[in-house]
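Novice: Structure incoming, see below.
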Amino acid sequence: MSLLFEPVRIGEVDLDNRIMHSATQESMADSEGYVTDTLLDRYRKLASSGIGLIVPGTMNVNPVGRFGTNSNAIWHDSYLPGLQRLTGVIHSNGSKVAFQLQHAGRQTFKKVIGQRPVAPSKGRMDPMFMARPRVMGEAEIESTIEDYVSAAGRAFAAGADGVQLHAGHGFLLNQFLSPFFNHRRDGWGGSDEKRFRFVREIVNGIVAIKPEKAFTMIKLSSNDFTPEEGITPPLAARYVKWLDDLGMDAVEVTCGTGSFSNMNIWRGDLPIKEMVGALPPAKRLGGWIVLKRMAGKFDYEEGYNLEAARTIRSLDPHMPLALVGGLRHVEYMEKVLGDGSVDLISMSRPFIRDLRLVEKLRKGAPEVSCVSCNKCLATTVGNEQIKCPYGE
Ligand SMILES: Cc1cc2nc3c(=O)[nH]c(=O)nc-3n(C[C@H](O)[C@H](O)[C@H](O)COP(=O)(O)O)c2cc1C
(Lines give C-alpha, C1' and ligand atoms only; values in the text may rest on other atoms or scores of the structure.)
Protein backbone atom coordinates (compact mmCIF):
# COMPACT_ATOMS: atom_id res chain seq x y z
CA MET A 1 0.00 0.00 0.00
CA SER A 2 1.12 3.55 -0.71
CA LEU A 3 2.81 5.14 2.30
CA LEU A 4 0.45 8.09 1.87
CA PHE A 5 -2.45 5.91 2.91
CA GLU A 6 -0.86 4.41 6.00
CA PRO A 7 -2.37 5.53 9.32
CA VAL A 8 -0.48 7.86 11.64
CA ARG A 9 -0.99 9.03 15.22
CA ILE A 10 -0.79 12.67 16.40
CA GLY A 11 -0.86 12.84 20.18
CA GLU A 12 -3.69 10.47 21.09
CA VAL A 13 -5.54 10.93 17.80
CA ASP A 14 -5.35 8.34 15.00
CA LEU A 15 -5.50 9.62 11.43
CA ASP A 16 -6.57 7.24 8.66
CA ASN A 17 -3.84 8.44 6.34
CA ARG A 18 -1.00 10.95 6.02
CA ILE A 19 -2.69 13.50 3.81
CA MET A 20 -3.49 16.83 5.40
CA HIS A 21 -5.52 19.79 4.14
CA SER A 22 -3.40 22.78 5.11
CA ALA A 23 -5.34 25.76 6.46
CA THR A 24 -6.71 27.75 3.53
CA GLN A 25 -8.66 30.92 4.08
CA GLU A 26 -11.87 30.33 2.17
CA SER A 27 -13.52 33.73 2.77
CA MET A 28 -16.74 31.76 3.02
CA ALA A 29 -17.79 32.88 6.50
CA ASP A 30 -20.39 35.63 6.70
CA SER A 31 -19.23 39.20 7.29
CA GLU A 32 -19.15 38.59 11.07
CA GLY A 33 -17.16 35.36 10.80
CA TYR A 34 -20.01 32.87 11.29
CA VAL A 35 -19.97 29.49 9.52
CA THR A 36 -22.14 29.41 6.39
CA ASP A 37 -23.69 26.58 4.35
CA THR A 38 -21.16 27.30 1.56
CA LEU A 39 -18.31 26.62 3.98
CA LEU A 40 -19.97 23.42 5.24
CA ASP A 41 -20.46 22.23 1.68
CA ARG A 42 -16.77 22.67 0.86
CA TYR A 43 -15.69 20.59 3.87
CA ARG A 44 -18.38 17.96 3.32
CA LYS A 45 -16.89 17.34 -0.13
CA LEU A 46 -13.28 17.44 1.05
CA ALA A 47 -13.88 15.08 3.98
CA SER A 48 -15.84 12.60 1.90
CA SER A 49 -12.90 12.31 -0.49
CA GLY A 50 -10.86 10.74 2.35
CA ILE A 51 -8.40 13.34 3.73
CA GLY A 52 -6.70 12.18 6.95
CA LEU A 53 -6.63 15.59 8.65
CA ILE A 54 -8.43 18.77 7.66
CA VAL A 55 -7.42 22.19 8.94
CA PRO A 56 -10.09 24.64 7.71
CA GLY A 57 -9.24 28.28 7.00
CA THR A 58 -7.72 30.31 9.72
CA MET A 59 -9.94 31.31 12.69
CA ASN A 60 -9.46 34.64 14.39
CA VAL A 61 -9.04 34.61 18.19
CA ASN A 62 -10.10 38.23 18.64
CA PRO A 63 -11.51 41.04 16.50
CA VAL A 64 -8.25 43.06 16.54
CA GLY A 65 -6.43 40.09 15.01
CA ARG A 66 -8.92 39.55 12.24
CA PHE A 67 -7.44 38.85 8.83
CA GLY A 68 -9.71 39.59 5.93
CA THR A 69 -13.43 40.16 5.75
CA ASN A 70 -15.38 36.89 5.65
CA SER A 71 -12.67 35.02 7.55
CA ASN A 72 -13.76 32.58 10.26
CA ALA A 73 -14.09 33.76 13.86
CA ILE A 74 -13.76 31.84 17.13
CA TRP A 75 -13.60 34.68 19.65
CA HIS A 76 -17.04 34.31 21.21
CA ASP A 77 -19.32 31.48 22.33
CA SER A 78 -21.93 32.59 19.80
CA TYR A 79 -19.69 31.02 17.12
CA LEU A 80 -19.97 27.58 18.75
CA PRO A 81 -23.11 26.24 17.03
CA GLY A 82 -21.64 26.91 13.57
CA LEU A 83 -18.27 25.47 14.53
CA GLN A 84 -20.01 22.38 15.90
CA ARG A 85 -21.76 21.94 12.56
CA LEU A 86 -18.37 22.22 10.85
CA THR A 87 -16.72 19.49 12.93
CA GLY A 88 -19.90 17.42 12.56
CA VAL A 89 -19.79 17.58 8.76
CA ILE A 90 -16.09 16.68 8.69
CA HIS A 91 -16.37 13.82 11.19
CA SER A 92 -19.47 12.29 9.66
CA ASN A 93 -17.64 12.15 6.33
CA GLY A 94 -14.64 10.38 7.81
CA SER A 95 -11.86 12.96 8.40
CA LYS A 96 -10.29 14.37 11.55
CA VAL A 97 -10.26 18.15 12.02
CA ALA A 98 -8.04 20.73 13.72
CA PHE A 99 -8.91 24.43 13.98
CA GLN A 100 -6.19 26.93 13.19
CA LEU A 101 -6.03 29.75 15.76
CA GLN A 102 -4.98 33.06 14.31
CA HIS A 103 -4.15 36.65 15.17
CA ALA A 104 -2.86 38.66 12.23
CA GLY A 105 -0.94 41.20 14.32
CA ARG A 106 0.44 43.88 11.99
CA GLN A 107 -0.63 42.00 8.86
CA THR A 108 -4.16 43.25 8.54
CA PHE A 109 -5.93 46.47 7.57
CA LYS A 110 -7.53 49.23 9.61
CA LYS A 111 -10.49 48.86 7.27
CA VAL A 112 -11.01 45.28 8.44
CA ILE A 113 -10.50 45.73 12.21
CA GLY A 114 -11.58 49.36 12.71
CA GLN A 115 -8.30 50.42 14.32
CA ARG A 116 -4.55 50.39 13.75
CA PRO A 117 -3.15 46.85 13.60
CA VAL A 118 -1.05 45.78 16.59
CA ALA A 119 2.38 44.16 16.84
CA PRO A 120 5.14 43.37 19.35
CA SER A 121 7.21 46.25 17.91
CA LYS A 122 6.79 49.06 15.41
CA GLY A 123 9.40 47.83 12.97
CA ARG A 124 9.66 49.30 9.52
CA MET A 125 6.83 50.23 7.20
CA ASP A 126 6.03 47.18 5.16
CA PRO A 127 5.28 47.12 1.46
CA MET A 128 2.10 45.04 1.66
CA PHE A 129 0.07 46.49 4.51
CA MET A 130 1.48 50.03 4.34
CA ALA A 131 1.00 50.81 8.04
CA ARG A 132 3.11 51.29 11.16
CA PRO A 133 1.46 49.12 13.81
CA ARG A 134 0.56 50.09 17.36
CA VAL A 135 2.89 48.40 19.87
CA MET A 136 1.14 46.01 22.26
CA GLY A 137 1.35 46.83 25.96
CA GLU A 138 1.73 44.31 28.77
CA ALA A 139 -2.02 44.13 29.52
CA GLU A 140 -2.88 43.58 25.85
CA ILE A 141 -0.28 40.82 25.56
CA GLU A 142 -1.77 39.07 28.60
CA SER A 143 -5.34 39.40 27.34
CA THR A 144 -4.33 38.13 23.90
CA ILE A 145 -2.80 35.03 25.51
CA GLU A 146 -6.17 34.50 27.23
CA ASP A 147 -7.94 34.96 23.88
CA TYR A 148 -5.87 32.15 22.34
CA VAL A 149 -6.58 29.82 25.26
CA SER A 150 -10.33 30.62 25.26
CA ALA A 151 -10.41 30.06 21.50
CA ALA A 152 -8.75 26.67 21.96
CA GLY A 153 -11.38 25.84 24.60
CA ARG A 154 -14.09 26.68 22.06
CA ALA A 155 -12.40 24.53 19.40
CA PHE A 156 -12.41 21.55 21.76
CA ALA A 157 -16.00 22.30 22.86
CA ALA A 158 -17.00 22.31 19.19
CA GLY A 159 -15.54 18.82 18.82
CA ALA A 160 -12.27 19.58 17.01
CA ASP A 161 -9.67 16.81 17.33
CA GLY A 162 -6.93 19.38 17.64
CA VAL A 163 -5.91 23.00 17.47
CA GLN A 164 -3.17 24.43 15.32
CA LEU A 165 -1.43 27.67 16.33
CA HIS A 166 -0.61 29.79 13.29
CA ALA A 167 3.00 30.83 13.92
CA GLY A 168 3.93 31.28 10.30
CA HIS A 169 3.55 33.69 7.37
CA GLY A 170 4.43 36.75 9.44
CA PHE A 171 1.31 36.80 11.64
CA LEU A 172 1.32 37.71 15.34
CA LEU A 173 2.98 34.58 16.79
CA ASN A 174 5.58 34.69 13.99
CA GLN A 175 6.12 38.38 14.81
CA PHE A 176 6.85 37.62 18.48
CA LEU A 177 9.19 34.74 17.58
CA SER A 178 11.18 36.59 14.94
CA PRO A 179 14.20 38.80 15.67
CA PHE A 180 13.27 40.76 12.54
CA PHE A 181 9.84 41.80 13.85
CA ASN A 182 10.33 41.70 17.64
CA HIS A 183 12.66 44.44 18.97
CA ARG A 184 11.31 44.51 22.51
CA ARG A 185 13.69 44.74 25.41
CA ASP A 186 11.23 43.76 28.14
CA GLY A 187 10.09 40.28 29.22
CA TRP A 188 8.77 39.55 25.70
CA GLY A 189 11.90 40.20 23.61
CA GLY A 190 15.65 40.65 23.61
CA SER A 191 16.66 36.97 23.43
CA ASP A 192 15.34 33.81 21.76
CA GLU A 193 13.95 32.66 25.12
CA LYS A 194 12.08 35.91 25.67
CA ARG A 195 10.80 36.08 22.09
CA PHE A 196 9.47 32.54 22.66
CA ARG A 197 7.64 33.51 25.87
CA PHE A 198 4.38 34.64 24.19
CA VAL A 199 4.03 31.28 22.41
CA ARG A 200 5.14 29.40 25.53
CA GLU A 201 2.41 30.95 27.68
CA ILE A 202 -0.24 30.24 25.05
CA VAL A 203 0.89 26.63 24.68
CA ASN A 204 0.97 26.14 28.45
CA GLY A 205 -2.58 27.51 28.70
CA ILE A 206 -3.86 25.26 25.93
CA VAL A 207 -2.12 22.10 27.13
CA ALA A 208 -3.72 22.64 30.55
CA ILE A 209 -7.28 22.57 29.14
CA LYS A 210 -6.78 20.11 26.28
CA PRO A 211 -8.96 17.00 26.45
CA GLU A 212 -6.93 13.80 26.65
CA LYS A 213 -8.08 12.66 23.20
CA ALA A 214 -7.14 15.86 21.36
CA PHE A 215 -3.86 17.21 20.03
CA THR A 216 -1.96 20.48 19.72
CA MET A 217 -0.10 21.43 16.56
CA ILE A 218 1.74 24.53 15.40
CA LYS A 219 2.31 25.87 11.88
CA LEU A 220 5.77 27.33 12.23
CA SER A 221 7.77 29.53 9.92
CA SER A 222 11.10 27.80 9.42
CA ASN A 223 12.51 30.71 7.44
CA ASP A 224 11.18 34.27 7.43
CA PHE A 225 13.18 35.34 4.37
CA THR A 226 12.93 38.93 5.66
CA PRO A 227 15.31 41.74 4.56
CA GLU A 228 17.29 41.28 7.79
CA GLU A 229 17.60 38.00 9.62
CA GLY A 230 14.44 36.64 11.18
CA ILE A 231 13.63 33.02 11.90
CA THR A 232 16.04 30.63 10.19
CA PRO A 233 15.89 26.80 10.14
CA PRO A 234 18.32 26.37 13.09
CA LEU A 235 16.27 28.82 15.21
CA ALA A 236 13.03 27.10 14.18
CA ALA A 237 14.57 23.78 15.23
CA ARG A 238 15.42 25.26 18.66
CA TYR A 239 11.85 26.47 19.03
CA VAL A 240 10.54 23.02 18.10
CA LYS A 241 12.67 21.43 20.81
CA TRP A 242 11.18 23.84 23.36
CA LEU A 243 7.67 23.20 22.05
CA ASP A 244 8.24 19.47 22.41
CA ASP A 245 9.19 20.01 26.06
CA LEU A 246 5.90 21.89 26.57
CA GLY A 247 3.83 19.02 25.17
CA MET A 248 3.24 20.20 21.57
CA ASP A 249 2.15 17.15 19.54
CA ALA A 250 3.10 18.10 15.96
CA VAL A 251 4.59 20.81 13.76
CA GLU A 252 3.67 21.87 10.21
CA VAL A 253 6.77 23.34 8.57
CA THR A 254 6.18 26.45 6.47
CA CYS A 255 8.08 29.63 5.54
CA GLY A 256 7.75 33.25 4.43
CA THR A 257 5.98 36.31 5.75
CA GLY A 258 3.03 38.13 4.20
CA SER A 259 4.66 41.54 4.60
CA PHE A 260 8.20 41.16 3.31
CA SER A 261 8.52 37.80 1.61
CA ASN A 262 5.03 36.91 0.52
CA MET A 263 5.68 34.71 -2.50
CA ASN A 264 7.95 32.41 -0.49
CA ILE A 265 4.79 31.04 1.12
CA TRP A 266 3.33 29.84 -2.17
CA ARG A 267 6.08 29.54 -4.76
CA GLY A 268 4.93 29.43 -8.34
CA ASP A 269 3.76 31.88 -10.98
CA LEU A 270 2.99 35.49 -10.15
CA PRO A 271 -0.36 36.35 -11.79
CA ILE A 272 0.23 40.11 -11.77
CA LYS A 273 -2.74 40.99 -13.96
CA GLU A 274 -5.23 39.08 -11.79
CA MET A 275 -3.74 40.30 -8.49
CA VAL A 276 -3.62 43.95 -9.50
CA GLY A 277 -7.14 43.64 -10.89
CA ALA A 278 -8.38 42.49 -7.47
CA LEU A 279 -7.01 45.62 -5.73
CA PRO A 280 -9.06 48.80 -5.24
CA PRO A 281 -8.27 51.24 -8.10
CA ALA A 282 -6.26 53.59 -5.84
CA LYS A 283 -3.85 50.80 -4.89
CA ARG A 284 -3.34 49.33 -8.34
CA LEU A 285 -0.25 51.28 -9.39
CA GLY A 286 1.54 50.62 -6.06
CA GLY A 287 0.54 46.94 -6.22
CA TRP A 288 1.80 46.64 -9.77
CA ILE A 289 5.21 48.13 -8.83
CA VAL A 290 5.60 45.79 -5.83
CA LEU A 291 4.56 42.72 -7.81
CA LYS A 292 6.74 43.56 -10.83
CA ARG A 293 9.78 43.64 -8.54
CA MET A 294 8.93 40.13 -7.33
CA ALA A 295 8.44 38.58 -10.76
CA GLY A 296 10.65 35.59 -11.54
CA LYS A 297 12.14 35.34 -8.06
CA PHE A 298 9.85 32.72 -6.54
CA ASP A 299 9.41 30.10 -9.20
CA TYR A 300 7.82 26.79 -8.33
CA GLU A 301 10.01 24.18 -6.72
CA GLU A 302 8.78 20.89 -5.27
CA GLY A 303 8.93 20.64 -1.48
CA TYR A 304 10.56 24.00 -0.81
CA ASN A 305 10.39 23.52 2.98
CA LEU A 306 11.97 20.06 3.00
CA GLU A 307 15.52 21.09 3.92
CA ALA A 308 14.19 23.15 6.85
CA ALA A 309 12.07 20.19 7.99
CA ARG A 310 15.18 18.00 7.90
CA THR A 311 17.09 20.54 10.02
CA ILE A 312 14.26 20.45 12.56
CA ARG A 313 14.13 16.66 12.51
CA SER A 314 17.88 16.38 13.11
CA LEU A 315 17.52 18.36 16.37
CA ASP A 316 14.26 16.76 17.46
CA PRO A 317 13.74 13.35 15.80
CA HIS A 318 10.60 12.62 17.86
CA MET A 319 8.36 15.55 16.91
CA PRO A 320 5.84 14.51 14.21
CA LEU A 321 6.29 16.83 11.21
CA ALA A 322 3.91 17.84 8.44
CA LEU A 323 5.53 19.24 5.31
CA VAL A 324 3.71 21.89 3.28
CA GLY A 325 4.68 23.86 0.19
CA GLY A 326 4.68 22.76 -3.43
CA LEU A 327 4.02 19.05 -2.91
CA ARG A 328 2.66 17.87 -6.24
CA HIS A 329 4.01 14.41 -7.18
CA VAL A 330 3.18 11.15 -5.41
CA GLU A 331 6.68 9.77 -6.00
CA TYR A 332 8.17 12.77 -4.18
CA MET A 333 5.65 12.49 -1.33
CA GLU A 334 6.41 8.79 -0.91
CA LYS A 335 10.13 9.53 -0.86
CA VAL A 336 10.00 12.12 1.93
CA LEU A 337 7.70 9.90 3.99
CA GLY A 338 9.76 6.81 3.24
CA ASP A 339 13.15 8.29 4.14
CA GLY A 340 11.73 9.52 7.45
CA SER A 341 12.06 13.24 6.70
CA VAL A 342 8.41 13.97 7.58
CA ASP A 343 5.23 12.20 8.70
CA LEU A 344 2.41 14.07 6.96
CA ILE A 345 1.95 15.55 3.49
CA SER A 346 0.08 18.83 3.71
CA MET A 347 -1.38 20.70 0.75
CA SER A 348 -3.48 23.78 0.12
CA ARG A 349 -3.65 24.94 -3.51
CA PRO A 350 -4.18 21.40 -4.89
CA PHE A 351 -7.43 21.20 -2.87
CA ILE A 352 -8.62 24.55 -4.20
CA ARG A 353 -8.36 23.10 -7.67
CA ASP A 354 -9.73 19.66 -6.88
CA LEU A 355 -11.99 18.76 -3.93
CA ARG A 356 -11.85 15.06 -4.94
CA LEU A 357 -8.04 14.97 -5.05
CA VAL A 358 -7.51 12.28 -2.41
CA GLU A 359 -9.93 9.92 -4.12
CA LYS A 360 -7.84 10.25 -7.29
CA LEU A 361 -4.53 9.70 -5.46
CA ARG A 362 -6.00 6.60 -3.85
CA LYS A 363 -6.90 5.28 -7.29
CA GLY A 364 -3.29 5.77 -8.43
CA ALA A 365 -3.06 9.29 -9.91
CA PRO A 366 0.70 10.09 -10.01
CA GLU A 367 0.36 13.84 -9.40
CA VAL A 368 -2.06 16.57 -8.43
CA SER A 369 -3.66 18.76 -11.09
CA CYS A 370 -2.67 22.13 -9.50
CA VAL A 371 0.04 23.85 -11.53
CA SER A 372 0.85 26.57 -8.92
CA CYS A 373 -0.34 29.32 -11.28
CA ASN A 374 -1.41 31.20 -8.12
CA LYS A 375 -4.52 32.67 -9.70
CA CYS A 376 -6.34 31.45 -6.56
CA LEU A 377 -4.35 34.06 -4.62
CA ALA A 378 -5.97 36.87 -6.53
CA THR A 379 -9.30 35.85 -5.00
CA THR A 380 -7.84 36.34 -1.49
CA VAL A 381 -6.58 39.83 -2.39
CA GLY A 382 -10.15 40.84 -3.20
CA ASN A 383 -11.61 38.90 -0.22
CA GLU A 384 -13.78 36.88 -2.58
CA GLN A 385 -14.49 33.22 -1.94
CA ILE A 386 -11.48 31.14 -2.99
CA LYS A 387 -11.65 29.52 -6.35
CA CYS A 388 -9.41 28.06 -9.00
CA PRO A 389 -10.07 29.21 -12.57
CA TYR A 390 -9.42 25.64 -13.70
CA GLY A 391 -11.26 24.01 -10.77
CA GLU A 392 -13.55 21.05 -11.25
C1 LIG B 1 -5.91 31.02 -1.09
C2 LIG B 1 -4.99 30.60 0.01
C3 LIG B 1 -5.35 30.83 1.34
C4 LIG B 1 -4.51 30.42 2.38
N5 LIG B 1 -4.91 30.58 3.69
C6 LIG B 1 -4.12 30.11 4.69
C7 LIG B 1 -4.57 30.13 6.03
O8 LIG B 1 -5.71 30.50 6.34
N9 LIG B 1 -3.70 29.70 7.00
C10 LIG B 1 -2.47 29.22 6.69
O11 LIG B 1 -1.73 28.82 7.59
N12 LIG B 1 -2.03 29.16 5.43
C13 LIG B 1 -2.84 29.57 4.43
N14 LIG B 1 -2.42 29.43 3.14
C15 LIG B 1 -1.10 28.83 2.86
C16 LIG B 1 -1.24 27.32 2.64
O17 LIG B 1 -1.78 26.66 3.76
C18 LIG B 1 0.12 26.69 2.30
O19 LIG B 1 0.99 26.86 3.39
C20 LIG B 1 0.76 27.26 1.01
O21 LIG B 1 -0.22 27.54 0.04
C22 LIG B 1 1.77 26.29 0.41
O23 LIG B 1 1.20 25.04 0.19
P24 LIG B 1 0.70 24.51 -1.28
O25 LIG B 1 1.88 24.54 -2.17
O26 LIG B 1 0.19 23.11 -1.04
O27 LIG B 1 -0.37 25.45 -1.71
C28 LIG B 1 -3.27 29.80 2.08
C29 LIG B 1 -2.93 29.56 0.75
C30 LIG B 1 -3.77 29.95 -0.28
C31 LIG B 1 -3.36 29.65 -1.69
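Novice: Examine the range 155-178 for a residue that is touching a Cys at 6+ places or on another chain (Cβ under 8 Å) and assigned to a loop (DSSP other than H, G, I, E, B), and state whether such a residue exists.
Specialist: yes
Novice: Right, something else. Search the range 157-174 for residues that are closer than 19 Å to Asn204 by Cα and pair each with any residue that is more than 14 Å from the ligand (Cβ to nearest atom) and among the acidic types (Asp, Glu) when their beta-carbon atoms are under 8 Å apart and the residues are at least 6 apart or on different chains.
Specialist: Here the result reads Gly162/Asp249; Asn174/Asp224, each pair linking the range 157-174 to a residue that is more than 14 Å from the ligand (Cβ to nearest atom) and among the acidic types (Asp, Glu).
Novice: Which residues, counting only those in the range 368-380, are surrounded by fewer than 18 Cβ atoms within 10 Å (Cβ to Cβ) and of a type in the set (A, V, I, L, M)? Spell out how you get there, then give the answer.
Specialist: Within the range 368-380, the first condition is being surrounded by fewer than 18 Cβ atoms within 10 Å (Cβ to Cβ), and the residues that meet it are 369, 371.
Of everything in the range 368-380, just one residue is surrounded by fewer than 18 Cβ atoms within 10 Å (Cβ to Cβ) and of a type in the set (A, V, I, L, M), namely Val371.
Novice: Further, regarding this structure: Among the residues of the range 345-392 satisfying the criterion of being among the acidic types (Asp, Glu) and in contact with an Asp or Glu (Cβ under 8 Å, 6 or more places away or on another chain), which is farthest from the ligand (Cβ to nearest atom)?
Specialist: Among those that are among the acidic types (Asp, Glu) and in contact with an Asp or Glu (Cβ under 8 Å, 6 or more places away or on another chain), it is Glu392.
Novice: Return the total of residues in the range 335-365 being under 25 Å from Gly256 (Cα atoms), in contact (Cβ under 8 Å) with a residue 40 or more places away in the chain and assigned to a helix (DSSP H, G or I).
Specialist: 4
Novice: In this structure, does Val253 turn out to be among the β-branched types (Val, Ile, Thr) and touching a Leu at 6+ places or on another chain (Cβ under 8 Å)? It would help to see each step written out before you state the result.
Specialist: Numbers: among the β-branched types (Val, Ile, Thr): yes; touching a Leu at 6+ places or on another chain (Cβ under 8 Å): yes.
It is true that Val253 is among the β-branched types (Val, Ile, Thr) and touching a Leu at 6+ places or on another chain (Cβ under 8 Å).
Novice: Tally the residues that are aliphatic (A, V, I, L, M), under 19 Å from the mean Cα position of the chain (by Cα) and within 16 Å of the ligand (Cβ to nearest atom), restricting the search to the range 91-123.
Specialist: Adding up the residues that qualify gives 4.
Novice: Let me ask you something else. Of the residues Leu361, Leu355, Leu337, which is under 30 Å from Met275 (Cβ atoms), touching a Lys or Arg at 6+ places or on another chain (Cβ under 7 Å) and among the aliphatic types (A, V, I, L, M)?
Specialist: From the options Leu361, Leu355, Leu337, the qualifying one is Leu355.
Novice: Looking at Lys219, Lys297, can you tell me which residue is in contact with a Ser or Thr (Cβ under 6 Å, 6 or more places away or on another chain) and basic (Lys, Arg)?
Specialist: Residue meeting the stated conditions: Lys219.
Novice: Okay, next question. Could you tell me which residue of the range 261-305 is surrounded by the fewest Cβ atoms within 10 Å (Cβ to Cβ), considering only residues that are touching a residue at least 40 places away in the same chain (Cβ under 8 Å) and of a type in the set (Phe, Trp, Tyr)?
Specialist: Once the filter is applied, the top-ranked residue is Tyr300.
Novice: Of all residues in the range 238-260, how many are closer than 16 Å to Asp343 by Cβ and crowded, with 21+ Cβ neighbours inside 10 Å?
Specialist: Residues of the range 238-260 that are closer than 16 Å to Asp343 by Cβ, as a first pass: 240, 243-244, 248-254.
With the extra rule that they be crowded, with 21+ Cβ neighbours inside 10 Å, the set shrinks to 240, 243, 248-254.
Total meeting the criteria: 9.
Novice: Give the residues of the range 276-305 that are under 17 Å from Met263 (Cα atoms), out of contact with any Cys (no Cβ under 6 Å at 6 or more places or on another chain) and either modelled with pLDDT of 90 or more or charged (D, E, K, R) (or both), sorted by residue number.
Specialist: Lys292, Arg293, Lys297, Phe298, Asp299, Tyr300, Glu301, Glu302, Gly303, Tyr304
Novice: Can you give me the number of residues within the range 203-255 that are among the polar types (S, T, N, Q) and within 14 Å of the ligand (Cβ to nearest atom)?
Specialist: Final tally of qualifying residues: 4.
The values are calculated or read from the model by the stated rules, or taken from the named source; none is laboratory data. Predicted, not measured: the structure shown is a model, and the values here were computed from it. Virtual Cβ from ideal backbone geometry, glycine too; neighbours counted across all protein chains shown.
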